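Q: Structure provided below as structure tokens; questions to follow.
The values are calculated or read from the model by the stated rules, or taken from the named source; none is laboratory data. What you are looking at is a predicted structure, and each value in this text was computed from that prediction instead of being measured. Virtual Cβ from ideal backbone geometry, glycine too; neighbours counted across all protein chains shown.
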Amino acid sequence: MSFLDLLRPKWQHHDPKVRFAAIKKLDDMEQLTNIAKHDPSEKVAMEAVSMIDDGSLLEKIVMDSLYDDVALDALKKITHEASIFLIVVNAKKLAIRNAAIERIHQQQFLVEILKSCRCLSTCISATERISDMDLLKELNITGSHHPQIRMAIKDRITKLSKNNPPKVQSV
């Protein structure tokens, strides 16, 4: 134990086991958020995430965590789809965007991802999740997307058309 460890709070101790035990007694959510984002021990950071339920704080952890697994744990706890949408559009790491896009169900959010995200693979993932044929047709007509995204939109329209052929009305 260093002399500094005697002077600072236990959650700042050099030993991760001491920090792990100490954060269980913390109730300052901002401090727990900082620990979840920046602690040098992934185990300590994960424990801090387990103690946080505030969506906006969890969103900060997802965006800024040192560890992908910590960010993914925080992402699992976020319930508001609008927050998840912002993560898809703004996260720096592809693994985080991919995990977040799997949690998007609202078709309009998927369309907005196509319009605002600059990552080709994220846009293609969004395209594959759109099931509203009218939205896809509109995107196909109005979209000034990357050629691969236009192709993915057309492929999605074709796939959905095969799965749901138009109903013939009898006269």
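Q: Going by the conditions given, is LYS93 modelled with pLDDT of 95 or more, among the charged types (D, E, K, R) and under 12 Å from the mean Cα position of the chain (by Cα)?
A: no
Q: Applying the selection to the stretch 86-113, what residues are within 17 Å of LEU139 (Cβ to Cβ) and either assigned to a loop (DSSP other than H, G, I, E, B) or touching an Asp or Glu at 6+ places or on another chain (Cβ under 7 Å) (or both)?
A: Result: ILE104, GLN106, GLN107, PHE109.
Q: Mind checking whether some residue in the stretch 65-75 is touching a residue at least 12 places away in the same chain (Cβ under 8 Å), buried (at least 16 other Cβ atoms within 10 Å of the Cβ), in contact with a Gly (Cβ under 6 Å, 6 or more places away or on another chain) and not charged (D, E, K, R)?
A: Taking every residue of the stretch 65-75 in turn, none turns out to be touching a residue at least 12 places away in the same chain (Cβ under 8 Å), buried (at least 16 other Cβ atoms within 10 Å of the Cβ), in contact with a Gly (Cβ under 6 Å, 6 or more places away or on another chain) and not charged (D, E, K, R).
Q: A follow-up question, please. Using the structure shown, decide if THR142 is more than 24 Å from ASP69 (Cα to Cα), among the polar types (S, T, N, Q), loosely packed, with under 12 Cβ neighbours inside 10 Å and modelled with pLDDT under 90.
A: Yes: the conditions hold for THR142.
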